[in-house]
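Following: one structure in structure tokens, then a few remarks.
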Amino acid sequence: MTIYPVPKPVPVAEKDRPPRQKNRKPLKRTRLKSRGSRTKKSGGHLFPRNVDLAYRAFIRTLPCILAGRMGRVFGPDSYWFTEIHLCTSRTRCCHLRARGAGGPDVGNTWPGCDAAHDEQHRIGIPAFQKRWNLKLEHIAAGLALRYQETGGM
């Protein structure tokens with residue numbers, strides 16, 4: 001049996017499209033600055049506004065808010081079961097509103113380990129709050145008040 005090559009059918013949209021320009025220059029790829037005037041001016045932060053290093057250090061001294069907490073997980077057989085959170089690292093300063101979106105440090109951060117922070121990003125803030133029965137906005141505001149009372153700012 002002999003197989004004869006058949007040209008591929010061309011979609012209708014490509015037939016009507018004008019030919020591509022072949023002499024285009026590719027975009028120039030640049031690396032992020034690791035040194036220079038901008039990083040000196042910003043103190044090494046990509047988004048230097050609203051950075052409070054003392055407040056971040058205060059948040060890192062606190063335990064993870066999920067340490068030993070029980071959360072609800074939806075099982076494969078359509079039922080809920082509980083799961084105990086096990087911290088995987090030391091506490092880090094986790095933001096509710098991204099700093100790139102203009103979120104400040106004070107009143108916008110909560111203490112969490114790497115596992116809690118990764119889960120918050122993976123499932124989203126509303127699902128994270130529902131799963132662990134938390135209100136992160138209230139926790140962050142309460143931590144900001146406690147920081148002010150201890151002499152911060």
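The values are calculated or read from the model by the stated rules, or taken from the named source; none is laboratory data. Because the structure is a prediction, the values reported are computed rather than measured. Cβ sites come from the backbone with ideal geometry, for glycine too, and all protein chains shown count toward neighbours.
Numbers at a glance
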| quantity | calculated |
| --- | --- |
| Search result, residues across segment 62-93 that are out of contact with any strand residue (DSSP E or B) (no Cβ under 8 Å at 6 or more places or on another chain) and either of a type in the set (Lys, Arg) or at pLDDT 65 or above (or both) | Ala67, Leu86, Cys87, Thr88, Ser89, Arg90 |
| Selected residue (criterion: farthest from Thr61 (Cα to Cα)) from residues of segment 118-153 that are outside any loop (DSSP other than H, G, I, E, B) and among the β-branched types (Val, Ile, Thr) | Ile123 |
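This table checks each residue for (1) of a type in the set (Val, Ile, Thr); (2) loosely packed, with under 13 Cβ neighbours inside 10 Å; (3) at pLDDT 90 or above.
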position	(1), (2), (3)
His95	no, no, no
Ala101	no, yes, no
Pro104	no, no, no
His117	no, no, yes
Arg131	no, no, no
Lys135	no, yes, yes
